[in-house]
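Trainee: Okay, handing you the structure first.
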Amino acid sequence: MTLAELVLTGDLARPARLTVPDLLRRPQHRARVSFECATSGIQHHTFTGPRLYDVLTAAGPGFDPARRKDRLRFLIAVSGADGHHALLSWAEIDPDFGQAPVLLGVTIDDTPLDRAGPQLVLPQDRCGARHISGIREIRVDGGYGGWRPAPATPGHASAAAP
């Protein structure tokens, strides 16, 4: 049996390749989730898996831990095997800020996801659009430190400087 592999990339001290068995070796959390699916109505599922925050923290995100607000510039991009993508901010999952209980689901309704790969599970979302199945890559990106808003021109919206 071929196991799906998840790649952690980006601004990390310890990028990694993880399978569902690797994720099962981490502390597991359980979440009962109800979300509205545009194509099939309300869905109810129970997921288990490690918290995204714990997995990414173990990979060593590239922010300065002594500067609490430094983490606020980090984004987390999640890509699935089916081409779906979702974007989260580090602040959403960080216990000092949003503390969202986002999971990397390794089981759905007690069925292992070994071959399909983990799922991004956001119990707080009413809509299931950010539930990404078969995650193939999670990229942590803090490269926004040089971004500065352009000065506003009267009568025009402000735009980002290149």
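The values are calculated or read from the model by the stated rules, or taken from the named source; none is laboratory data. Just so we're clear, the structure is a prediction, and the values are computed from it rather than from any experiment. For neighbour counting, all protein chains shown are included, and Cβ atoms are generated from backbone atoms with ideal geometry for every residue, glycine included. Heads up: the accessible areas ignore ligands, DNA and RNA and are worked out on the full protein's heavy atoms, side chains in. Shrake-Rupley method; radii C 1.70, N 1.55, O 1.52, S 1.80 Å.
Trainee: Could you tell me the center-to-center distance, by alpha carbons, between the range 67-114 and the range 12-44 in angstrom?
Mentor: When both Cα centres are located, 9 Å separates them.
Trainee: Using amide H atoms built 1.01 Å from N in the peptide plane, name the residues 5+ places from L3, or on other chains, whose amide H lies under 5 Å from its own.
Mentor: The list, which skips near neighbours in sequence, is empty: none.
Trainee: While we're here: Work out the length of the dipole vector of the chain about its Cα centre, built from +1 on the beta-carbon of each Lys and Arg and -1 on the beta-carbon of each Asp and Glu, and round it to the nearest 20 debye.
Mentor: Value, rounded to 20: 320 debye.
Trainee: Tell me, in nm to one decimal, what length is gained between D82 and Q124 on full extension, where the rule is 0.36 nm per residue of separation less the Cα-Cα distance?
Mentor: 12.8 nm
Trainee: Which loop trypsin sites (Lys or Arg not before Pro) in the range 1-60, with loop taken from DSSP, have no more than 13 other Cβ atoms within 10 angstrom of their Cβ?
Mentor: Loop-located and lightly packed - R25.
Trainee: Per-residue HN-Hα couplings for the range 110-117, Karplus 6.51 cos²θ - 1.76 cosθ + 1.60 at θ = phi - 60°, whole Hz, x for Gly and Pro?
Mentor: Result, ordered by residue: 6, 9, x, 10, 3, 7, 6, x Hz.
Trainee: Please name which of P95, P27, L6 has its Cα lying farthest along the dipole of the chain towards the positive end, using unit charges on Cβ (Lys, Arg +1; Asp, Glu -1) and the Cα centre as origin.
Mentor: Positive-end residue among those listed: P95.
Trainee: Calculate, for D64 and R26, the FRET efficiency according to 1/(1 + (r/R0)^6) with r their C-beta to C-beta distance and R0 30 Å; round to the nearest 0.05.
Mentor: So the FRET efficiency works out to roughly 0.75.
Trainee: Apply 1/(1 + (r/R0)^6) to the Cβ-Cβ distance of D109 and T57, taking R0 = 25 Å, and write down the FRET efficiency to the nearest 0.05. Each step should come with its number before you reach the end.
Mentor: Working: r = 28 Å, r/R0 = 1.11.
Calculated transfer efficiency: 0.35.
Trainee: Shifting gears a bit: Given a cut-off of under 8 Å on Cα pairs at least six residues apart, what relative contact order in percent is computed for the chain?
Mentor: Worked out over the chain, it gives 28 percent.
Trainee: Roughly how many percent of the accessible protein surface of the chain is carbon and sulfur, given a 1.4 Å probe and a whole-percent answer?
Mentor: So the carbon and sulfur contribution to the accessible surface is 54 percent.
Trainee: Of the listed peptides 67-75, 53-61, what is their order by residue-averaged count of other C-beta atoms within 10 Å, with the highest listed first?
Mentor: Listed from highest to lowest mean packing, they are 53-61, 67-75.
Trainee: A follow-up question, please. Please work out the average accessible area per residue across the range 28-153, using the 1.4 Å probe convention, and give it in Å².
Mentor: Each residue of the range 28-153 exposes 52 Å² on average to a 1.4 Å probe.
Trainee: Return the distance in nm (one decimal) between the two label points of a simple spin-label model at V7 and S34, each offset 7 Å from Cα along Cα→Cβ.
Mentor: Result for the modelled spin labels: 3.9 nm.
Trainee: Could you tell me the convex hull volume per residue, in Å³, taken over the Cα atoms of the chain?
Mentor: 152
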